[in-house]
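Structure first, then comments.
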Amino acid sequence: MAKIEFRNVVKRFGAIEVIPEMNLVIEDGEFVALLGPSGCGKSTSLFMLAGIYLPSGGELLFDGHVVNEVEARDRNVGIVFQSYALYPHMSVRDNILFPLRFKKTPRDEAFARVKAAADLVRVAELLERRPSELSGGQQQRVALARALVKEPQLLLLDEPLSNLDASLRLSMRTEIKSLHEQLGVTTVLVTHDQIEATTMADRIICMRAGRIEQVGTPDDLYLRPSSLFVAGFIGSPPINLIAGEAEAGTVTVNGARFPLEGGASGSVTVGLRPEHLRFGETGFAGRIAQIEPMGREILYVVETGMGAVRVLEQGSSAGHSTGEQVMIGFLPENSLVFETARQKLIAGAHVRAPE
Ligand SMILES: Nc1ncnc2c1ncn2[C@@H]1O[C@H](COP(=O)(O)OP(=O)(O)OP(=O)(O)O)[C@@H](O)[C@H]1O
Ligand SMILES: [Mg+2]
């Protein structure tokens with residue numbers, strides 16, 4: 001297993017700077033997720049760890065040793081690509097065996113390792129088949145077995161679940177997580193799916209345009225997003241973001257005034273998560289415009305003086321109807337206040353609904 005470090009790592013493709021400067025430590029045995037929108041540099045970062053891309057500047061360290069110049073095959077890294085990239089003309093057995101070809105592993109040991117890796121991801125009965133004779137989920141497992149056969153010190157997963165249907169994705173999420181618990185191998189998962197990141201990873205590295213926006217546990221990012229970008233990226237249905245002006249202990253939103261705890265002044269953006277809002281006797285007024293049943297929960301879209309506000313309620317049957325006038329209440333400690341100009345969280349500032 002390995003401790004991984006990015007030290008002032010830069011990546012350019014020609015004149016285009018994709019990663020301006022990356023600093024990050026991933027602890028030995030940790031499971032982290034690189035999360036961010038398409039094009040933010042997740043795969044580029046992963047490919048540098050794999051030795052597929054050479055950093056343009058800075059240092060990449062495995063257990064304190066600089067590996068910039070170390071060839072991919074000598075890094076002892078297992079990787080699963082988004083497309084699985086299985087060799088179609090080879091059997092499952094030969095696909096899994098492939099990474100051992102450079103290692104001069106004795107034949108008996110190689111076969112035993114293939115068997116062990118196949119057992120681990122439950123494809124042992126499929127070893128004689130070709131990839132075309134497998135389902136998507138089975139191909140995904142074979143790709144995992146191929147990544148694990150070398151007993152890597154680092155496991156890299158680039159959107160490994162994106163080709164699977166919703167229910168298979170759910171079960172593979174659990175399987176990969178328990179595989180990590182079993183093997184303890186340092187794992188980096190690349191995903192643009194915040195639910196995948198929050199359910200699987202110990203820590204999330206949220207990226208935006210080649211830069212790290214915030215690093216933290218899933219709870220850190222959900223409860224204390226450092227920026228509007230992270231607040232908007234984490235949470236489903238998404239957080240309500242409401243523009244206001246703060247001054248002397250109040251926030252004014254579209255003519256309505258709300259008490260403000262903690263210091264803030266100037267243009268602010270108030271963040272209220274749909275699951276933290278409740279219909280009640282007090283709060284701010286609105287009219288239900290739309291009802292979206294989501295299984296165990298119901299999403300209400302409420303027209304208010306501040307624009308449309310999403311309210312998520314527990315329960316499978318709607319207790320309210322379209323057109324109904326409602327009051328929306330919330331606990332002040334669940335509200336977030338951001339400085340609009342810098343897009344940053346104002347620590348300790350909370351808005352309270354009027355009594
Ligand atoms: N070989 C390359 N040459 C030039 N530009 C590249 C190359 N590879 C990636 N890029 C650019 O670098 C940026 C980051 O790409 P990257 O593939 O790392 O994004 P990503 O976060 O993995 O996105 P996605 O979620 O779509 O896979 C993009 O703007 C992309 O166009
Ligand atoms: Mg990618």
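At-a-glance table
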{"quantity": "Among A201, A166, A264: highest mean-square fluctuation, GNM of the chain, C-alpha pairs under 10 Å", "calculated": "A166"}
{"quantity": "Rounded to 10°, Cα long-axis angle of helix 136-148 versus longest principal axis of the chain", "calculated": "60 degrees"}
{"quantity": "Ordering of 70-79, 278-287, 223-232 by packing [mean C-beta count within 10 Å, highest first]", "calculated": "223-232, 70-79, 278-287"}
{"quantity": "Least to most buried among C206, C40 (fewest other Cβ within 10 Å first)", "calculated": "C40, C206"}
{"quantity": "Shape of segment 29-109, Cα gyration tensor, a/c cut at 1.5", "calculated": "oblate"}
{"quantity": "Neighbour-count ranking [beta-carbon atoms within 10 angstrom, fewest first] of T44, T187", "calculated": "T44, T187"}
{"quantity": "Two-site label geometry, Q82 and S135: point separation in nm, points 7 Å out along Cα→Cβ", "calculated": "2.4 nm"}
{"quantity": "Max mean-square fluctuation residue, GNM over the chain, Cα-Cα springs under 10 Å, options L60, L336, L127", "calculated": "L127"}
{"quantity": "Cα-based convex hull volume of the chain per residue, rounded to whole Å³", "calculated": "159 Å³"}
{"quantity": "Rg/Rh ratio calculated on Cα atoms of segment 295-355 (Kirkwood radius)", "calculated": "1.04"}
{"quantity": "Centroid-to-centroid separation of segment 236-311 and segment 7-21 [C-alpha atoms, Å]", "calculated": "40 Å"}
{"quantity": "Where labels lie 7 Å past Cα in the beta-carbon direction, separation of E17 and E281 in nm", "calculated": "5.9 nm"}
{"quantity": "Extension gain (nm, one decimal) between T217 and A124, 0.36 nm per residue minus Cα-Cα", "calculated": "29.9 nm"}
{"quantity": "Reachable lysines, given that their alpha-carbon falls under 17 Å from the alpha-carbon of K104 and they are not under 8 places away in the same chain", "calculated": "K150"}
{"quantity": "Mean residue ellipticity (222 nm) of the chain, computed from DSSP H runs ≥ 4 via -39,500 (n - 2.57), nearest 500", "calculated": "-6500 deg cm²/dmol"}
{"quantity": "Label-point separation, D165 to S38 (7 Å along Cα→Cβ), nm", "calculated": "2.4 nm"}
{"quantity": "Centroid-to-centroid separation of segment 107-136 and segment 319-348 [C-alpha atoms, Å]", "calculated": "51 Å"}
{"quantity": "Two-site FRET efficiency, A72 against R107, from Cβ-Cβ distance with R₀ of 22 Å, rounded to 0.05", "calculated": "0.40"}
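Read-outs throughout are calculated quantities, based only on the coordinates presented, and are distinct from any laboratory measurement. Note that the structure is predicted; figures quoted are calculated from it, not measured. FYI the Cβ positions are ideal-geometry reconstructions off the backbone, even for glycines, and counts take in every protein chain you see.
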